[in-house]
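S.K.: Before I ask anything, let me first share the structure, which is written out below as structure tokens.
The values are calculated or read from the model by the stated rules, or taken from the named source; none is laboratory data. This one's a predicted model, so the numbers in the text were calculated from it and none came from an experiment. FYI the Cβ positions are ideal-geometry reconstructions off the backbone, even for glycines, and counts take in every protein chain you see.
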Amino acid sequence: MDTYTVGLGCDRGVALQTVREAVQAALREAGAMPSQVTAAASITLKQDEAALLAIASEYGWPLRFYEAAALAAVPVPHPSATVLRYTGTPSVSEAAALLAAGAGTPMTALIVEKHKHRGADGRHATVSIARKNHERFVRIT
């Protein structure tokens with residue numbers, strides 16, 4: 001069975017329901033079940049973000065946090081100048097999903113690249129999903 005990692009980004013003070021809706025939509029898009037997720041990840045700036053802590057707890061996922069410099073070193077398909085201005089890295093969710101999947105995981109492992117969701121609270125959550133055992137899908141023999 002395939003396993004996945006989830007990268008999470010959000011506006012400060014986002015509601016848990018907004019993050020939950022974003023995660024559920026991204027999992028549906030990926031055709032994945034929450035039980036297949038081995039970890040969630042985000043940026044250290046969000047380590048006190050209540051909704052991120054709550055969603056990881058709700059699903060029983062370990063939640064990892066990475067420094068902006070580590071995230072910035074990861075090649076991603078959708079870098080953002082706006083995200084860079086606010087966080088010091090051009091990617092949070094995509095880069096976090098890839099780092100959580102393991103060192104050297106290529107951007108081709110992203111099966112949900114950057115799912116953006118605006119909740120009823122007016123705040124945004126972004127979810128990316130990487131396949132951990134991507135090698136069997138990208139290897140050319």
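S.K.: Pairs needed: first member in segment 13-40, closer than 11 Å to Y59 by Cα; second member anywhere, surrounded by 14 or more Cβ atoms within 10 Å (Cβ to Cβ) and of a type in the set (K, R); C-beta distance under 8 Å; at least 6 residues apart or different chains.
M.R.: T38/K132; A39/R64; A40/R64
S.K.: Of the conditions (1) out of contact with any Gly (no Cβ under 8 Å at 6 or more places or on another chain); (2) surrounded by fewer than 20 Cβ atoms within 10 Å (Cβ to Cβ); (3) modelled with pLDDT of 95 or more, R123 satisfies every one except a single condition; which number is it?
M.R.: It is condition (1) that R123 fails.
S.K.: Take the residues in segment 47-59 that are closer than 11 Å to A125 by Cβ and in contact with a helix residue (DSSP H, G or I) (Cβ under 8 Å, 6 or more places away or on another chain); name whichever of them is surrounded by the most Cβ atoms within 10 Å (Cβ to Cβ).
M.R.: So the first thing to find is which residues in segment 47-59 are closer than 11 Å to A125 by Cβ, and the list is 49, 51-52, 55.
Narrowing further to those that are in contact with a helix residue (DSSP H, G or I) (Cβ under 8 Å, 6 or more places away or on another chain): 51-52, 55.
Working: A51: 24, L52: 24, I55: 27.
Going through the qualifying residues, I end up with I55.
S.K.: Do we have any residue at all in segment 60-81 that's within 25 Å of N133 (Cβ to Cβ), buried (at least 20 other Cβ atoms within 10 Å of the Cβ), without any contact (Cβ under 8 Å) to a residue 24 or more places away in the chain and not aromatic (F, W, Y)?
M.R.: No, the conditions are met nowhere in segment 60-81.
S.K.: Please count how many residues of segment 12-46 are among the polar types (S, T, N, Q) and within 14 Å of the chain's Cα centre (by Cα). Full working, then the answer.
M.R.: Residues of segment 12-46 that are among the polar types (S, T, N, Q), as a first pass: 17-18, 24, 35-36, 38, 42, 44.
Add one more test, that the residue is within 14 Å of the chain's Cα centre (by Cα), and what stays is 24, 38, 42, 44.
Matching residues across segment 12-46 total 4.
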